[in-house]
1. Can you report the number of residues in the range 89-111 which are touching a strand residue (DSSP E or B) at 6+ places or on another chain (Cβ under 8 Å) and under 15 Å from Leu77 (Cα atoms)?
2. Out of all the residues in the range 37-65, which are within 14 Å of the chain's Cα centre (by Cα), at pLDDT 65 or above and surrounded by 14 or more Cβ atoms within 10 Å (Cβ to Cβ)?
3. State whether the residues of the range 154-168 include one that is modelled with pLDDT under 90 and not in a strand (DSSP E or B).
4. Filter the range 66-102 down to the residues that are basic (Lys, Arg) and more than 13 Å from Ser145 (Cα to Cα), then identify the one that is modelled with the highest pLDDT.
5. Quick one: Arg115 ticks every box in (1) more than 18 Å from Pro168 (Cβ to Cβ); (2) out of contact with any Leu (no Cβ under 7 Å at 6 or more places or on another chain) except a single one, so which number is it?
Amino acid sequence: MAILAGVALALTACGGRDSGSASSSLNPLRWFGGGGQPEQRSLTPEGGYPTQSNDHRSLIAHISGARWEPLYEGRMLVVTGQPGTKGWWAAALVPEVPMPSGRIRGDENGTLRLRMVALPPLANTYPASAPATANDEIEVAMTLSHEALATIREIVITSAGNAVTLRP
């Protein structure tokens, strides 16, 4: 037993300050990657998360309503908006602060700030006429899990003309 302890003590002394020496490979503390500082890794994608500057959609003119729909895994936020003219498309609710997809959460005060955005009509596709109230409303939805709702006290949805606040 004393011989085994002596051999182990001798091998641990082999890895001196010069980590590039051949004798450092005899140090059992370095055999499986130990002894050095672990490389710091991040989950942030290269180039960071997409920001709002990548989104070329404009704010909807007016939010006419917002409601909650129950889901088994959380709730669905359904927002109805009125565009300024006919033909708006590709509507969505986007967070004001860029967040990874599927990881929506409130800020330090528990407020989630969303914007209702859409793309304007393509050139020469619709006359610049005002939309009819019932026919030209845009409805978008966002699902929020129970986990996400636990960090949210209120949701503020903004448009170009107004803002709506909901509480989960």
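1. Start the filter on the range 89-111 by keeping residues that are touching a strand residue (DSSP E or B) at 6+ places or on another chain (Cβ under 8 Å), which leaves 89-97, 104-107, 110-111.
Next, only the ones that are under 15 Å from Leu77 (Cα atoms) stay: 91-95, 104-106, 111.
Result for the range 89-111: 9.
2. none
3. First, pick out the residues of the range 154-168 that are modelled with pLDDT under 90: 168.
Now narrow it down to the ones that are not in a strand (DSSP E or B): 168.
Scanning the range 154-168 turns up at least one residue that is modelled with pLDDT under 90 and not in a strand (DSSP E or B).
4. Pass one, the range 66-102, residues basic (Lys, Arg): 67, 75, 86.
Add one more test, that the residue is more than 13 Å from Ser145 (Cα to Cα), and what stays is 67, 86.
Numbers: Arg67: 97, Lys86: 83.
Looking at residues that are basic (Lys, Arg) and more than 13 Å from Ser145 (Cα to Cα), I get Arg67.
5. If we test Arg115 against (1) more than 18 Å from Pro168 (Cβ to Cβ); (2) out of contact with any Leu (no Cβ under 7 Å at 6 or more places or on another chain), just (2) comes out false.
The values are calculated or read from the model by the stated rules, or taken from the named source; none is laboratory data. As the structure is a computational prediction, the values presented were derived from the model and not from experiment. Counting neighbours? That spans all protein chains shown, and the Cβs are built from the backbone with ideal geometry, glycine included.
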